[in-house]
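These notes are about the structure you will find just below.
The values are calculated or read from the model by the stated rules, or taken from the named source; none is laboratory data. None of the values given here were measured: they were computed from a predicted structure. These accessible areas exclude ligands, DNA and RNA; they are computed on the full protein's heavy atoms, side chains included. Shrake-Rupley method; radii C 1.70, N 1.55, O 1.52, S 1.80 Å.
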Amino acid sequence: MTSTLRTLLENRRFRVVEETVPREDGQTASLQYVVHPGSVAILPLVDDDHVCLIRNRRLTVQATIVEIPAGTREPGEPPLETARRELEEETGYRAARWEKLAEFYASPGILSERMNLFLATELTAGDPRREANEEIDNLVVTWAEALAMLDRGAIIDGKSIIALLMYDRRRNGRS
């Protein structure tokens with residue numbers, strides 16, 4: 001027996017599918033998960049001691065959270081191109097230098113989304129081009145304040161925690 005895949009929901013950003021797979025004991029197992037085109041997240045350093053976070057109203061969690069800029073890749077769009085687009089759209093900044101920090105699965109138990117994390121430096125300020133459904137404000141803080149926000153639980157977004165801690169290790173010569 002081979003596995004079967006059935007689409008339960010499809011929209012412009014993702015699909016929800018149910019996959020039935022054979023088990024070694026001859027039985028079958030079904031699971032539902034989200035097929036996602038992938039995403040990017042950006043850690044924008046304004047200068048050596050300041051980072052641009054954003055306050056972003058997230059309807060999915062019914063809260064405004066502090067996080068780093070991020071976005072979904074368009075079909076066929078390379079991750080770096082997505083990162084450039086999203087940084088400018090969400091914050092207004094453009095970066096002269098880009099470096100890939102990591103690549104990881106956001107939540108592999110239910111979601112195929114693979115996230116590419118970039119460091120953006122040598123920033124030039126400009127006007128954001130936010131989408132109509134986005135309620136975002138820039139929040140430029142010192143590096144020490146960003147870490148203090150982590151410590152007191154003011155940043156609860158996983159990609160942002162990963163980015164800040166990874167880069168802090170590098171800043172302190174531990175990577």
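Here the chain exposes an accessible surface that is 48 percent carbon and sulfur, computed with a 1.4 Å probe and the other protein chains kept in place. Of all beta bridges DSSP finds with both residues in the chain, what is the antiparallel percent, to the nearest 5? Antiparallel: roughly 85 percent of the beta bridges in the chain. Using all pairs of distinct alpha-carbon atoms, the Kirkwood hydrodynamic radius of the chain works out to 17.6 angstrom.
By definition, a body whose alpha carbon gyration tensor gives a ≥ b ≥ c is rounded when a/c is under 1.5, and the range 80-175 falls into this rounded group. Accessible surface computed residue by residue for the range 49-162, with neighbouring protein chains in place and a 1.4 Å probe, gives 53 Å² per residue.
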